[in-house]
């Protein structure tokens, strides 16, 4: 099956961390926001928003939270957020105080909306020759992000996104076979994962990450161990930050 | 700025709930899974998976959870899931018992991965003339979904997706102006949201939902109130189900 242009764009996805010193034209940005606007949304509630960070001092502070200096240099820096605040206010103006606005199902619906909106923007950006980098690292300190962006109650940061014209050309990063990730009807586990990913482990060692171009990446299974050893209490305790933003965790 | 083909597809997004009685050819499905595979993934860990539901009895049961009978008729029904189980097993085979695999930052990273993968599949599907419907309703009873799909510890359902050839042609659903959703540097709230969405409220009343084609939809602000009045304890208490799947909520 021949991939059409859209799918060719999607299959060519790579993370771009270094951008040309070139702003994104206004009409291109507007088009990205129009794509964001038309993205599917849970029950049509449109309960997510975007903070466009243009202030350099703010960018620097966010880069500090991310612990990634390239974040400060991204020509566009967007933070996608859960936003039940807006609809809560709308209901309030209609004289309805929506106690359920703070429930975790609303949080997750909005969180999902924010993610799929971000991915729609990524695909649109890449289709116009732009590069993107997702910044899950904004959650290294979600309270700090809430404070910097002055996020009101019933909002919460989900993911950051850097966008710009690519100034690097990374290899396509190897992925594991979908046989290990797509299952029919019920979850399937495997006798030995290391056996199953033997070839993939090898393939990963042929990949050179431009952040460390002098040596190939470690095997996938070694990367897994290294990643699991990392921990950050502020990331792990994210639900306390969620609660601080006014959500009711309803944990028994 | 003229929208390219990809963006035209994205701007034409509508939810499709009724499909032709026509299977998706294998090569088309394979291409969708290849797009899923190449989707960005947090720290490259690929910690999400897909359950492809092909068994009609399973579809019926999931439709029951969703409380949407059309779910049972979707030619393809995919459930995207958080999956830290696979990498946990990989680490274990490497003699590392990853206590941090159950932390909530891993849960959210995988949840985000699952959502952006779903949206990438949606765009790819729509670019090939397929229609899609997101099913947030699988979380009406997430424990039941875990049970039906036999989801092991450290996995969790995120969102469902129905895919097929459209057998309906809905209007484009009106969305609020992005002026209300994109803010520069810090969150912006508005004096009166009802004033701001006056035109949008009107526009929404010109939209006919094919689920109830005899009358236009209610204004957006009225929809917000109606939606906030709905509640479902199993949805609200989703974090208890998350904990039951082995995640450590780390709530103080």
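Any read-out appearing in this document is the output of simple, stated calculations on the displayed coordinates, not a laboratory observation. If you're wondering where the values come from, they're calculated on a predicted model, not measured in any experiment. Virtual Cβ from ideal backbone geometry, glycine too; neighbours counted across all protein chains shown.
Results, tabulated for the structure shown:
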quantity: Efficiency of FRET between residue B:234 and residue A:54 - r from beta-carbon atoms, R0 51 angstrom, step 0.05; calculated: 0.75
quantity: Highest average packing first - A:205-211, B:211-217, Cβ atoms within 10 Å; calculated: A:205-211, B:211-217
quantity: MRE, 222 nm, helices only [DSSP H, n ≥ 4, -39500 (n - 2.57), over chain A, to nearest 500]; calculated: -11500 deg cm²/dmol
quantity: Rounded FRET efficiency, nearest 0.05, which uses the C-beta distance separating residue B:189 from residue B:1 and R0 of 35 Å; calculated: 0.70
quantity: Antiparallel %, DSSP beta bridges [both residues in the range A:5-170], to 5; calculated: 95
quantity: Mean separation of Cα contacts under 8 Å, 6 or more apart, over the residue count of chain A: relative contact order %; calculated: 25
quantity: Per-residue average of Cβ from other chains inside 10 Å of A:188-195; calculated: 4
quantity: Global form of the protein assembly as shown, assessed from the alpha-carbon gyration tensor, a/c cut-off 1.5; calculated: rounded
quantity: Rounded to 10°, Cα long-axis angle of helix B:104-127 versus longest principal axis of chain B; calculated: 50
quantity: Average beta carbon contacts from partner chains per residue of B:17-27, 10 Å cutoff; calculated: 0
quantity: Kirkwood hydrodynamic radius of the range B:95-248, from inverse mean 1/r over distinct Cα pairs, in Å; calculated: 19.1
quantity: Relative contact order (percent, whole number), the range B:14-82, Cα cutoff 8 Å, 6+ residue spacing; calculated: 42
quantity: Cα long-axis angle, helix A:56-66 against chain A (0 to 90 degrees, to the nearest 10); calculated: 60
quantity: 10 Å Cβ neighbours from other chains, averaged over peptide A:212-224; calculated: 3
quantity: For the range B:171-245: rounded, prolate or oblate by the Cα gyration tensor [a/c cutoff 1.5]; calculated: oblate
quantity: Centroid-to-centroid separation of the range A:176-232 and the range B:93-136 [C-alpha atoms, Å]; calculated: 16
quantity: In degrees, nearest ten, helix B:220-229 long axis to first principal axis of chain B (Cα); calculated: 40
quantity: Contact order relative to length of the range B:171-245, as percent, for alpha carbon pairs under 8 angstrom and 6 or more apart; calculated: 25
quantity: Rounded to 5, percent antiparallel among DSSP beta bridges of the protein assembly as shown; calculated: 80
quantity: Top of A:36, A:91, A:110 by mean-square fluctuation, Gaussian network on chain A, Cα under 10 Å; calculated: A:91
quantity: Highest to lowest packing among A:183-195, A:12-24, scored as the average C-beta count within 10 Å; calculated: A:12-24, A:183-195
quantity: Global geometry of the range B:1-119, whether rounded, prolate or oblate, following the gyration tensor of its Cα atoms and the 1.5 cut on a/c; calculated: oblate
